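K.L.:
One structure is given below, represented as structure tokens, and several questions about it will come after.
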Amino acid sequence: MEKYKDRPIGVFDSGQGGLTVLSRLVDLLPHENFVFYGDSGNAPYGVRTKEEVYQLSKRVVEHLINDHQVKAIMIACNTATSAAAVRLRAEYELPIIGIEPAAKPAVLENPDQEVVVMATPLTLRESKFNNLLQKYDKDHQVVKVPAPKLVELIEQGQTKSPELYSYLHQVLDPYAGKASAVVLGCTHFPFAKQAILDVLGHQTRVYDGAIGAANEVKHQLAKRDQLTERTEAGRIIFENSAPGASALSEELYQLFRSEN
Ligand code: DGL
């Protein structure tokens, strides 16, 4: 029988974005097995209600636990974290780790400068994010930029297309050459990092929460003595609720690893 320690780690997102977090997890925990579940059939989450996102997230969590016997779950989605993490943690015993926009380091490391936070409309209006701002954004440096269409373009596999550039110009031009930092507060957005910097200017510092979240997964498993002791490379299973989209997951994952 498979040892508990050798069970996979479940990673999920509303779609392909969570692959950017998966990549960090694989760097940090190369011997672990992972199941990546993209809910592209129900994406985007960021324009839904909090209750809908909770229900969708719960369905994925049940699937990862019942069909894959995962030992921990990374909610690789800022939107699902803010809408559902607290409730899910109360309902399940296994470690459930979330991700939030890295606004704290961005504000603290860029005093008196403009900080652009790009995220989904739901993340930006939820109390989790606004409590964070209240605590750290004392000087009101943060500008919130909801960018729901960027999620849709990346779901189609677009990371550098003319349509993507044109949308980025539409939402980011007012901050071009001025923003000191940009927070990628949606896990889809690191796929478009180069394009975002092309529009904002390459002097802009980029913050994303994936490394912190990956460290937290390792910490939670180490604390419970549940890290695998295997020494061979782990494997990844890609699953998706939209027909054909798991092949795009594999492609985007390889693309992201080759560029980062
Ligand atoms: N990738 C997700 C996030 O980090 C959300 C994208 C969506 O709107 O579905 O917020």
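The values are calculated or read from the model by the stated rules, or taken from the named source; none is laboratory data. Worth saying up front: this structure is predicted, and the values here are computed from it rather than measured. When we count neighbours, we look across all protein chains shown, and the Cβ atoms used for this are built from the backbone with ideal geometry, even at glycine. Note: accessible area is taken over every heavy atom of the protein model, side chains too, but ligands, DNA and RNA are not part of it. Shrake-Rupley method; radii C 1.70, N 1.55, O 1.52, S 1.80 Å.
K.L.:
For Ala43, what charge total do you get from the other residues with a beta carbon under 10 Å from its beta carbon, if Lys and Arg give +1 and Asp and Glu give -1?
P.N.:
In short, -3.
K.L.:
Next question. What does the charge count near Glu163 come to, summing +1 for each Lys or Arg and -1 for each Asp or Glu among other residues with Cβ under 15 Å from its Cβ?
P.N.:
-1
K.L.:
Separate question: Please compute the per residue accessible area over the chain with all protein chains in place, 1.4 Å probe, rounded to a whole number of Å².
P.N.:
The answer is 43 Å² per residue.
K.L.:
Using per-residue counts of other Cβ atoms within 10 Å, averaged over each peptide, order 163-175, 107-119, 219-231 from highest down.
P.N.:
The packing order, highest mean first, is 107-119, 163-175, 219-231.
K.L.:
Ranked from highest to lowest mean number of other Cβ atoms within 10 Å per residue, what is the order of the peptides 41-48, 249-256?
P.N.:
In decreasing order of mean packing, 41-48, 249-256 become 41-48, 249-256.
K.L.:
Select from Val199, Leu64, Gly98 the residue farthest towards the positive end of the dipole of the chain; place +1 on Cβ of Lys and Arg, -1 on Cβ of Asp and Glu, and compute about the Cα centre.
P.N.:
Gly98
K.L.:
Taking +1 at the Cβ of each Lys and Arg and -1 at the Cβ of each Asp and Glu, which of Val151, Gln226, Val116 sits farthest along the dipole of the stretch 88-231 towards its positive end, judged by Cα position relative to the Cα centre?
P.N.:
Gln226
K.L.:
Kirkwood Rh over Cα pairs of the stretch 203-260 into Stokes-Einstein at 37 °C, 0.692 mPa s: D in µm²/s?
P.N.:
D = 225 µm²/s.
K.L.:
To continue, here is another question. Using alpha carbons only, what's the Rg to Rh ratio of the stretch 30-156 with Rh from Kirkwood?
P.N.:
Value, to two decimals: 1.00.
K.L.:
Now for a different question. Net charge around Tyr4, counting only other residues with Cβ within less than 11 Å of its Cβ (Lys, Arg = +1; Asp, Glu = -1)?
P.N.:
Net charge in that neighbourhood comes out at +2.
K.L.:
Between Ser127 and Gln254, what length in nm is gained on full extension when 0.36 nm per residue of separation is reduced by their alpha carbon distance?
P.N.:
Going from the current span to full extension adds 42.2 nm.
K.L.:
Output the peptides 129-139, 2-12 sorted from most to least packed, where packing is the average of other Cβ atoms within 10 Å over each peptide's residues.
P.N.:
Ranking the peptides 129-139, 2-12 by packing returns 2-12, 129-139.
K.L.:
For Glu163, project a label point 7 Å along Cα to C-beta. Then give me every residue of the stretch 23-44 with its amide nitrogen under 18 Å of that point.
P.N.:
Taking a point 7 Å out along Cα→Cβ of Glu163, the residues of the stretch 23-44 whose backbone N falls under 18 Å are 40-44.
K.L.:
Taking the Kirkwood radius as the inverse of the mean 1/r across Cα pairs, report the Rg/Rh of the chain.
P.N.:
0.96
K.L.:
Taking a label point 7 Å from the Cα of Gln156 along the Cα→Cβ vector, which residues of the stretch 41-85 have an amide N closer than 19 Å to it?
P.N.:
41-47
K.L.:
Please check: in the Gaussian network model of the chain (C-alpha springs, under 10 Å), which one of Leu88, Leu64, Leu124 has the largest mean-square fluctuation.
P.N.:
Comparing Leu88, Leu64, Leu124 in the GNM, the peak value goes to Leu88.
K.L.:
Output needed: percent of Cα pairs per 10 Å distance bin for the stretch 2-88, bins running from 0 to the one holding the longest distance.
P.N.:
Going from the shortest bin to the longest, the percentages are 18, 51, 26, 4, 0.
K.L.:
Hey, with R₀ at 25 Å, roughly what FRET efficiency would Val47 and Ala222 work out to, going by the Cβ-Cβ distance, to 0.05?
P.N.:
Calculated value: 0.10.
K.L.:
At a temperature of 10 °C and a viscosity of 1.306 mPa s, determine how fast the stretch 100-182 diffuses translationally according to Stokes-Einstein, using the Kirkwood radius over alpha-carbon pairs as Rh; express D in µm²/s, rounded to the nearest whole number.
P.N.:
Rounded to a whole number, D works out at 117 µm²/s.
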